[in-house]
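Below is one structure, written out as structure tokens, with a few remarks after it.
What follows is calculated from the coordinates using simple rules that are stated; it is not laboratory data. Worth saying up front: this structure is predicted, and the values here are computed from it rather than measured. Quick reminder, even Gly has a Cβ in these numbers, built from the backbone with ideal geometry, and neighbours come from all protein chains shown.
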Amino acid sequence: MVSWSDVKQWNGSALAEAIGPLNREYNELINAGEDLGKIQSPDGWSGQAAQAAGSRCGELVEALGEWTGEIAAARTAFTATSDAIGGVKNGVTEAEEVAKANNFSIADDGSIADHGVPADTPQDQREAVAEERARVKTELEERVKNVLRSADDVDNDFCKVLDKILGDTVDADSDATSLAAAGKAGTKVGSLTIPTPPPLSDATVAQNAAWWATLSEAQRKRFIQDFPGQVGNRDGIPASDRSAANVLRIDDERTRLQNRIKQLQAERREHGGPGGVGEEMTINRKIARAEEKLDSLAAVERTVTDRHGEPKAGKQLMLLDTSGERVKAAVANGDVDKADHVAVFTPGMNSRVDTNLDDYVQDTDALKRHAEDELTRENRRGESVATVTWLGYEPPQTNPDGIFEAVVTGDSAEEGAPKLAEFYNGIDASRADNPHMTALGHSWGSLTQGYALRDHETGVDEAGFFGSPGIGTDSGKELNVPENHVYAWEAREDAVANIPGVVERYGKDVVEQDGIHHMSTEEYEPAPGQRTEASTGHSEYMKSERSQGQSSEVYQTSEYAMARIMIGSPDFTPVPEP
Amino acid sequence: MDAEPSKSAFQELAARPNIEAVISEHAEIEREIQRRLVTEVGLPDSWETTDEESENWCTGEYEDLDAVTIHMPNWANFDHPIPEADWPRALEIFTEVMGKYGFDMPKAVVDRPNDHLVSAHHDNGAEFSFGTKKATSLSSVTGCHLTERAHPKTANGS
């Protein structure tokens, strides 16, 4: 069993340095084998001496077979082990960085030493920081466990190869008839296994982050290429890796859906005729659903592909899920792995990937630009912003007649909340540092966000709610967000924010709750002739005038306020009229 | 998504320049504002970009057209705010340049002593933001424009 102090001492460079000499040795042996093969039966030489010489040559080649296999096994194992040690060491470094950033340390036996809430933590944030640290401690325990498990795997795999080399059994199971074939057999023996991922369905973000951290760059690339489905939607893995995997999945998902439609069409033909009407209607519904998913995939692809047909710079596809009724997706503007400030926007009812994703990604891109302008105006050089649209749940859809009929149950918000919480935590766990994170929820998304922040510990530092039918609380203090960092906007003429009988069901009207800053959506007249834009109605907090079909940018009061919150410097002027 | 783009939506965009021309124009406008702030307000010419160009496909009635909007790279002039006494002239310059390129009068987003942010809009959906506090910022997003290959004037034979 490898210990934490052992792993800290590991160094793969000695193995890496031995690979060159092993390669040379291997090539010399192959050449020698070829030379021996040529002189085994020289032209014109026959008789007993020739037979003896030929037989001796054959023995030499056979003996070289084991040797060639051993060297091939050694060079493969040295390469793989050196690479895997890099992964394990990366896991050690990340764990120690997380520990240090949160006032923990990791002892030689792998136990986590807690040095308490940092002394310079403001009094009003101590409770929130203590809760956050409890989560980090669990994450650290997972990280240490995974590093040690990977280290054991590497150690065991490497020892097995060395045992075979020392026991002269590399070539034992091979029926190789040439040195090259013996070399191939040796290469097979020398291969190491990649650490197995935790179960996709119920692994925690800490387990996912810890597993990924212990893989080498080469192992990660192989995993993304060969098993993108194991990487793309795994919270806790860096956004850039998730995106690379999800982009690779689009074609496969499209083919799968197209095949599904063909299969359903064939079934429909079989059920044609009298008596099959009910069955046919069911199949038609399934076909329509699959076609809608194909449209969603096209929308996703469009979001991450530029006008030249290349992957769009500065976009990350952090989630692509075609299961369930509708496609789920999350798209980032900027680099979530490196940005100092990350905002996650959760859209509300009637939001769908096929019809709305483009709009939201554009809105949140504008928000990123405004927040970065604010960083500039504050002279905060080097800080950056990323914004994510998270449509990882299936918001209710209103039917054409009864406008709010489908909104009276909150199931999808309750189902979406744990997924959203995992998504927030995944961003934190995928990075050694914790970004300053803002949660922004609109409409039903604000209820989902409210449940997520009420019922889960997340790394969210600021929470904004707008156009909300309720957030599942009677006081903003019920949310697991630092005190004084919760904000709400309610525009004039926003019917959803005032649905009779619905608001009460999901907690107090958000603008009546204490512990929440009530932000202005009104226009603001700082000087005669100059004014900001008010936002009115349910869908204009981040963007306006889309109802006219015009993708027009009008910088609004609410957008400015969100941009300031996202960089951690809220501006409470102007305030709403009393 | 399935709806065919209307002919009028295409015609509307075909009457605008293609996106590559507009990207060049935005860069030119930004440079013009920056140069005039240097020569007429005395702001040091130490502008730098803080991010990369970002592209989004058009939505709404243009959604099914081969058309995009571009967030131009944001500009920063770190360590150099525009002094309060110079702000009125800086705003005049911004207003003049915006007007020259068909933008509306700028609207204030924030307007306090030593803390200013304005935003100017174009009928085609473009926006420029300009502000100063502890440093000076300038950023823009284009309206919706056809790609070169889709634009009747630049598409090869189509």
- Message: Ranking request for peptides A:469-479, A:279-289: highest mean number of other beta-carbon atoms within 10 Å first, then the rest in descending order.
- Response: A:469-479, A:279-289
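Output the DSSP H helices from chain A with an along-axis C-alpha extent of no less than 20 Å and a mean Kyte-Doolittle hydropathy no less than -1.0.
Span-like helices here: A:13-39, A:48-101, A:126-166, A:277-303, A:411-429.
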- Item | Gain on full stretching of the segment that runs from A:Ala101 to A:Ile39 - 0.36 nm per residue minus C-alpha separation | 15.6 nm
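Please state, as a whole number in µm²/s, the translational diffusion coefficient that the Stokes-Einstein equation yields for the protein assembly as shown at 37 °C and 0.692 mPa s, with Rh defined as the Kirkwood radius across alpha carbon pairs.
Answer from the Stokes-Einstein relation: 112 µm²/s.
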- Rounded FRET efficiency, nearest 0.05, which uses the C-beta distance separating A:Glu310 from A:Glu62 and R0 of 45 Å: 0.25
- Pull up the DSSP beta bridges for chain A and report the antiparallel fraction as a percent, rounded to 5. 35 percent
- What is the mean number of Cβ atoms from other protein chains located within 10 Å of the Cβ atom of each residue in peptide B:64-74, rounded to a whole number? 3
- Item | Sorted largest first, extent of the range B:83-158 alpha carbons per principal axis (Å) | 55, 21, 15
- Note on the structure: With a Förster distance of 25 angstrom and the Cβ-Cβ distance between A:Val511 and B:Thr49, calculated FRET efficiency to the nearest 0.05 equals 0.05
- Item | Three-way shape call for the range A:267-341 based on the alpha-carbon gyration tensor, with the a/c threshold at 1.5 | prolate
- Kirkwood calc, the range A:1-111, C-alpha pairs only, radius in angstrom 17.9 Å
- Message: Per DSSP helix of 4 or more residues, -39500 (n - 2.57); summed, then divided by the residues of chain A. What does that give at 222 nm, rounded to the nearest 500?
- Response: -17000 deg cm²/dmol
- Note on the structure: Simple spin-label estimate for A:Ser191/A:Lys137, 7 Å along Cα→Cβ, in nm, reads 4.4 nm
- Query: Can you give the convex hull volume of the alpha carbon atoms of chain B per residue, in Å³?
  - Reply: 117 Å³
- Task: Report the full-extension gain for the segment A:Glu415 to A:Asp202: residue separation times 0.36 nm, less the Cα-Cα distance, to one decimal in nm.
- Result: 75.2 nm
- Ellipsoid semi-axes in whole angstrom, largest first, where each is sqrt(5λ) of the Cα gyration tensor of the range A:4-226: 54, 14, 12
